[in-house]
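As C-alpha cells, the structure follows; a few thoughts come after it.
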Amino acid sequence: MKVFLDVSVLTLATYVTGIQRVTREVALRLLDDAGLEVILLHYHAREDCYHRIDAARFQDYYRRRLGKKERMITRTRVELSQIGQGSVFFDLDAAWMSRMKRSYLLPVLKRQGAVVIAHIYDIISIRYPQYCLQRGVYNFMDFLGAHLKYADALIVNTKATAQDLEKLGQEIGCRVPPCHVVPLGADFGGADGAAPAPGSERRPSAGWEPITAGGCQAEADPDLDEQQVPPELAQAVEGAPYLLMVGTIEPRKNHKMLLDAYDMGLCKMGYHVVFAGYMGWNMEDFQERLERHPDYGKGVFHFAGLTDAEITYLYRHARFLVFASYAEGFGLPIIESILRGTPVLAADIPVSREVAGDCCVWFPQDTPDEICRLVKHYEEREEEYRALKERMRGYRSATWEECAEGMKNVITGTTLA
C-alpha cells in the first residue's frame, strides 16, 4: 500500500516542536512498517510540484542526527497523477501553511481514486479566531473545508475535538468524515529513543515535549547534574517554591493570569513564578509588563530556548504547573508534568479534563485569586498535596509507538472499508 505524506512544513521548520514533532515521530514509525510503502513529499513552490524525499536520509537526519536536512530532498518529481487508485494521501503535517492549497489538491486526488485522510489537531482557528493570526485563520479554513468535503477519514487526538467537528458540521450543514480518536504520544525523542533532531537541542518551548517514558513514572528520565544547572535556573528553582508555565507565550495560553496571581498574593506567600517558552505573536503588552515588573529576575522569571534537560529540571522542581489555556487541541504540558510527579492547576476546559482525568486540580478560567487560594490550601494541608502526587502515580500516557500504530490502523482500515 502506497502512503503519500506531505512533510513540507516539517522539512522547512527551524525547530521541531508542536505539530512538526508529531509529524516527525509518526513519519519515522510509518517508514519502519514493512506493510506500508511510505513516500515522503516536499512541495517545491517555485516549480509548483512535489519532490520526493529520500527516506533513508530523512531517517538519518531526524533519528540519528546525521547528514544535512536539505540533502534529503531529491530532484525526483512526484506528479499528482501518480497519487491515485490504491494510494493514500495522509495529511499529517501543518499543511494549511503550505502553498499547495487543499481546495485545489484534494479534488484532483479524489478524481484519480486516491484515499484521503487528515490529522486534525484542533479547530481553534475556527472557534477562537481572536487567538490566531488572521492569515492563518484563512489558510486553515481552506484546509479544513477541503477535508470536510473530500476526506475519507479524519484522525483527532481527543473525543472533545471529534465532538467539536461534529457540531461544526451541523452548524454549517456539511458532512463530517468518520473521526478516529488517536491520542498523541508523550515519550521523547525519535523512534527507538533517538536524540532530538539537529538544531532542536536548544529551542523555543512552544508545544515542547521533553524526555518522558510513555506510561512510566516521572522518575524514568534523569535530572540535570547539579554542576550542569545554569545559574539563572538555579536562582529561580532554589530561591523559593514556584509555579511553572510551559509553552509559547501567546494570547490563547493566558500567561497574564499567572502574573496576576503573583501580584495578588503569590508573592506575599513567598512563591516565585516561572515562564518557560519563547515570546509569541501579539504579546508586546505582556512582554513589557513582564520585563518591567519590579520582581523580574528575582521572583518573576522567563526562560526561552531551554534544553530538554533544563525544562525537565523546571518541571521536576515546581510546586505546581499552571495550565491556563482558553482552548487546546491536546495539552501535552499537562501530561509532561504529571509524568514527572508535579501537580497541575488547570483551567477547566473539556480537552484538559479528557487528557488528565482526576490528576489535575481544576479552577475556573480567569480567576487568579483562585490560584492563590489553591496554593494556600495545599500549603496548609501538606497531606492532601502528597495524596495528589500519589494519585498521579497511576497515570499512563500513550507512547509514540501506540500513536503511530493507531494512525496506521485508521489508514489500513479506511482503505479496506
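At a glance:
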{"quantity": "From PHE330, PHE320, residue being at pLDDT below 95 and of a type in the set (Phe, Trp, Tyr)", "calculated": "PHE330"}
{"quantity": "Identity of the residue in the stretch 1-22, closer than 13 Å to LYS69 by Cα and crowded, with 20+ Cβ neighbours inside 10 Å, that ends up nearest to the chain's Cα centre (by Cα)", "calculated": "VAL16"}
{"quantity": "Criterion violated by SER98 - all others in (1) within 23 Å of ASN409 (Cβ to Cβ); (2) at pLDDT below 95 satisfied", "calculated": "(1)"}
{"quantity": "Test: residue in the stretch 9-20 that is in the same structural domain as ASP152 (by TED's automatic domain parsing) and under 20 Å from ALA153 (Cα atoms)", "calculated": "yes"}
{"quantity": "Residue match in the stretch 234-248 (condition: in a loop (DSSP other than H, G, I, E, B), at pLDDT below 50 and out of contact with any Phe, Trp or Tyr (no Cβ under 9 Å at 6 or more places or on another chain))", "calculated": "no"}
{"quantity": "Conditions (1) buried (at least 22 other Cβ atoms within 10 Å of the Cβ); (2) in the same structural domain as LYS298 (by TED's automatic domain parsing); (3) at pLDDT 85 or above; (4) not charged (D, E, K, R); number of the one not met by CYS267", "calculated": "(1)"}
{"quantity": "Pairs where the first residue, in the stretch 168-179, is touching a residue at least 24 places away in the same chain (Cβ under 8 Å) and the second is of a type outside the set (A, V, I, L, M), C-beta under 6 Å, 6+ apart", "calculated": "VAL176/GLU166; VAL176/GLY169"}
{"quantity": "Within the stretch 98-196, helices (runs of 4 or more DSSP H) holding 1 or more residues that are touching a Gly at 6+ places or on another chain (Cβ under 8 Å) and over 17 Å from GLY406 (Cα atoms)", "calculated": "102-111, 124-127, 134-150"}
{"quantity": "Test: ALA118 is aliphatic (A, V, I, L, M) and surrounded by fewer than 23 Cβ atoms within 10 Å (Cβ to Cβ)", "calculated": "no"}
{"quantity": "Residue match in the stretch 137-145 (condition: surrounded by 14 or more Cβ atoms within 10 Å (Cβ to Cβ) and touching a strand residue (DSSP E or B) at 6+ places or on another chain (Cβ under 6 Å))", "calculated": "no"}
{"quantity": "Condition broken by ALA398, with the remaining ones in (1) part of a helix (DSSP H, G or I); (2) buried (at least 17 other Cβ atoms within 10 Å of the Cβ) satisfied", "calculated": "(1)"}
{"quantity": "Top-ranked residue of the stretch 354-395 - restricted to ones that are in a helix (DSSP H, G or I) and more than 30 Å from CYS267 (Cβ to Cβ), ranked as farthest from the chain's Cα centre (by Cα)", "calculated": "GLU354"}
{"quantity": "Test: residue in the stretch 62-77 that is within 26 Å of LEU416 (Cβ to Cβ) and in the same structural domain as ILE155 (by TED's automatic domain parsing)", "calculated": "no"}
{"quantity": "Matching residues in the stretch 313-358 - criterion: being farther than 28 Å from GLY239 by Cβ and among the hydrophobic types (A, V, I, L, M, F, W, C)", "calculated": "ALA327, PHE330, ILE349, VAL351, VAL355, ALA356"}
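To keep it simple, each residue is scored yes or no on (1) out of contact with any strand residue (DSSP E or B) (no Cβ under 8 Å at 6 or more places or on another chain); (2) part of a helix (DSSP H, G or I); (3) surrounded by fewer than 15 Cβ atoms within 10 Å (Cβ to Cβ); (4) not hydroxyl-bearing (Ser, Thr, Tyr).
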position: ALA309; (1), (2), (3), (4): yes, yes, no, yes
position: VAL322; (1), (2), (3), (4): no, no, no, yes
position: TYR326; (1), (2), (3), (4): no, no, no, no
position: PHE330; (1), (2), (3), (4): yes, no, no, yes
position: ALA346; (1), (2), (3), (4): no, no, no, yes
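The values are calculated or read from the model by the stated rules, or taken from the named source; none is laboratory data. Since we're looking at a predicted model, the values are computed, not measured. Positions of Cβ are backbone-derived with ideal geometry, glycine not excepted, and every protein chain shown enters the neighbour counts.
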